[in-house]
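Have a look at the structure below before the remarks.
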């Protein structure tokens, strides 16, 4: 996918996300991430779309990939913790929520 098209698709995915069409956003953003797997911004937005559309396993997988590549991504820590909580895994969520709190002072 040419970079111009990729940027346009990312923006289209963001528009769907902003319109709260999280399933539509996830569909678009999954293609963007497949074409540009190192784009952590797109991957994080995809994880958010999965989270908001209750595709929690997919959100978790994307967030773990973000944190593998950027362990200091505080929002990914928070969202992974919340994703794990929504999956009724509070013990698994605790380290990520504590890490986010330490990073942000929250």
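The values are calculated or read from the model by the stated rules, or taken from the named source; none is laboratory data. Keep in mind the model is a prediction, meaning the values are calculated, not measured. So basically every Cβ, Gly included, is an ideal-geometry build from the backbone, and we count neighbours across all protein chains shown.
Inspect all residues belonging to region 74-84 and state whether any of them is farther than 27 Å from residue 10 by Cα and not in a loop (DSSP other than H, G, I, E, B). Give the steps one after another, and end with the answer.
So in region 74-84, the residues farther than 27 Å from residue 10 by Cα come out as none.
No: zero hits.
Somewhere in region 54-65, is a residue at pLDDT 95 or above, at positive phi and either surrounded by 15 or more Cβ atoms within 10 Å (Cβ to Cβ) or not in a helix (DSSP H, G or I) (or both)? Walk me through it before giving the result.
Of region 54-65, the ones at pLDDT 95 or above are 54-65.
Adding the requirement that they be at positive phi leaves 54.
From what's left, either surrounded by 15 or more Cβ atoms within 10 Å (Cβ to Cβ) or not in a helix (DSSP H, G or I) (or both): 54.
So far as region 54-65 goes, yes, one or more of its residues are at pLDDT 95 or above, at positive phi and either surrounded by 15 or more Cβ atoms within 10 Å (Cβ to Cβ) or not in a helix (DSSP H, G or I) (or both).
So which residues in region 85-103 are out of contact with any helix residue (DSSP H, G or I) (no Cβ under 6 Å at 6 or more places or on another chain) and either assigned to a helix (DSSP H, G or I) or under 21 Å from residue 37 (Cβ atoms) (or both)?
As a first pass, look at region 85-103 and keep what is out of contact with any helix residue (DSSP H, G or I) (no Cβ under 6 Å at 6 or more places or on another chain): 88-91, 94-95, 98, 101-102.
Within region 85-103, 90, 91, 94, 95, 98, 101, 102 qualify.
Just give me the residues in region 1-20 being assigned to a loop (DSSP other than H, G, I, E, B), farther than 12 Å from residue 31 by Cβ and at pLDDT below 90, in sequence order.
The one that is assigned to a loop (DSSP other than H, G, I, E, B), farther than 12 Å from residue 31 by Cβ and at pLDDT below 90: 2.
All but one of (1) more than 10 Å from the chain's Cα centre (by Cα); (2) in a helix (DSSP H, G or I); (3) within 27 Å of residue 102 (Cβ to Cβ) hold for residue 71, so report the exception by its number.
(2)
Identify all residues within region 24-38 that are surrounded by 14 or more Cβ atoms within 10 Å (Cβ to Cβ) and in contact (Cβ under 8 Å) with a residue 12 or more places away in the chain; write none if there are none.
Within region 24-38, 25, 26, 28, 29, 30, 31, 32, 33, 35, 36 meet the criteria.
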